[in-house]
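Colleague: The structure follows.
No lab work stands behind these numbers, since they all come straight from the coordinates. None of the values given here were measured: they were computed from a predicted structure. Methodologically, a virtual Cβ is constructed for each residue, glycine included, from the backbone with ideal geometry; neighbour enumeration extends over all protein chains shown.
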Amino acid sequence: MKSSLSIPKALLFLPLLSSLVIRADAQSRPGTAPDDQLFRTIASLDAEVFDAYNRCDLEKFGSFFTEELEFYHDNGGLTDRTRQSLVESVKKNICGKVRRELVPGTLEVYPLHGYGAVEIGVHRFHHPGRDDVEPVGEGKFVQIWQNKDGKWKITRVISYDHHALAK
C-alpha cells in the first residue's frame with residue numbers, strides 16, 4: 001500500500017518531531033533549571049563564597065562553612081577540617097596567589113530533600129600576575145549545602161579532576 005504523503009511533505013514533520021524529542025529530554029533531566037529558585041540561591045551563594053575567596057575576605061569566606069567539614073581533594077585525599085583550619089589554609093596557600101572562576105554553563109544544582117542541595121560544577125584557577133608562567137588550572141567540584149534554620153552552609157566538598165589547561 002502506498003502512503004498518501006509524499007516524501008517532501010513527510011519531511012515537514014521532522015522539525016516538529018525533533019523539537020518534541022529535545023523538549024522531552026530537557027524535561028527528563030534531573031536537577032534544577034537556571035530559572036529555578038534553588039538554582040538561583042546556590043548560584044548566588046557560590047558567587048559570594050568565591051568572591052570572598054578571591055578577595056581574601058577570610059571572615060566572610062569562613063562563614064559559608066559549618067564548623068566541622070569534610071574536604072576531599074584528588075591530590076590531597078580526605079581532610080577532616082575545622083572551619084578555622086580551612087580559613088588558615090586559604091590564607092597561606094591562596095590569598096594573592098590564586099583566583100577562582102566558575103566555568104560558565106557548568107553549574108548543576110540538585111535538591112537534597114530535608115537537608116539542602118548538591119552543587120556540581122567546573123572551576124578554573126588563575127594565578128594573578130603569573131598566568132604567563134603558571135598554567136591556568138581546571139577542576140570539577142561537588143559541594144553539599146545544608147539549609148538549617150534558613151541559613152545555608154557547606155558541609156562537604158569534593159574537588160577532583162584537576163589539570164592544567166593547554167596554552
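Colleague: Identify all residues within the stretch 98-123 that are surrounded by 15 or more Cβ atoms within 10 Å (Cβ to Cβ), over 16 Å from the mean Cα position of the chain (by Cα) and not β-branched (Val, Ile, Thr); write none if there are none.
Modeller: none
Colleague: Moving to a separate point now. Taking the stretch 54-72, which residues are surrounded by 15 or more Cβ atoms within 10 Å (Cβ to Cβ) and out of contact with any strand residue (DSSP E or B) (no Cβ under 6 Å at 6 or more places or on another chain)?
Modeller: Result: Leu58, Phe61, Gly62, Ser63.
Colleague: Let me ask something else about it. Take Phe50 and tell me if it is within 20 Å of the chain's Cα centre (by Cα) and under 23 Å from Gly114 (Cβ atoms).
Modeller: no
Colleague: Here is a check on your reading of the model: is Val122 under 23 Å from Glu48 (Cβ atoms) and either aliphatic (A, V, I, L, M) or free of Cβ contacts under 8 Å to residues at least 24 places away in the same chain (or both)?
Modeller: It is true that Val122 is under 23 Å from Glu48 (Cβ atoms) and either aliphatic (A, V, I, L, M) or free of Cβ contacts under 8 Å to residues at least 24 places away in the same chain (or both).
Colleague: Could you please find all residues in the stretch 124-156 being hydrophobic (A, V, I, L, M, F, W, C) and within 11 Å of the chain's Cα centre (by Cα)? Show your work before the answer.
Modeller: From the stretch 124-156, those hydrophobic (A, V, I, L, M, F, W, C) are 125, 133, 136, 141-142, 144-145, 152, 154; that's our starting set.
Within the stretch 124-156, Phe141, Val142, Ile144 qualify.
Colleague: I would also like to ask the following. Given Val136, Val87, which one is β-branched (Val, Ile, Thr) and within 28 Å of Ala166 (Cβ to Cβ)?
Modeller: Details: Val87 fails: within 28 Å of Ala166 (Cβ to Cβ).
Only one candidate qualifies: Val136.
Colleague: Would the stretch 80-100 turn up any residue that is closer than 27 Å to Asp36 by Cβ and touching a Phe, Trp or Tyr at 6+ places or on another chain (Cβ under 7 Å)?
Modeller: So far as the stretch 80-100 goes, yes, one or more of its residues are closer than 27 Å to Asp36 by Cβ and touching a Phe, Trp or Tyr at 6+ places or on another chain (Cβ under 7 Å).
Colleague: Among the residues of the stretch 42-99, write down those that are aliphatic (A, V, I, L, M), assigned to a helix (DSSP H, G or I) and in contact (Cβ under 8 Å) with a residue 24 or more places away in the chain.
Modeller: Selection gives Ile42, Ala43, Leu45, Ala47, Val49, Leu58, Leu86, Val87, Val90.
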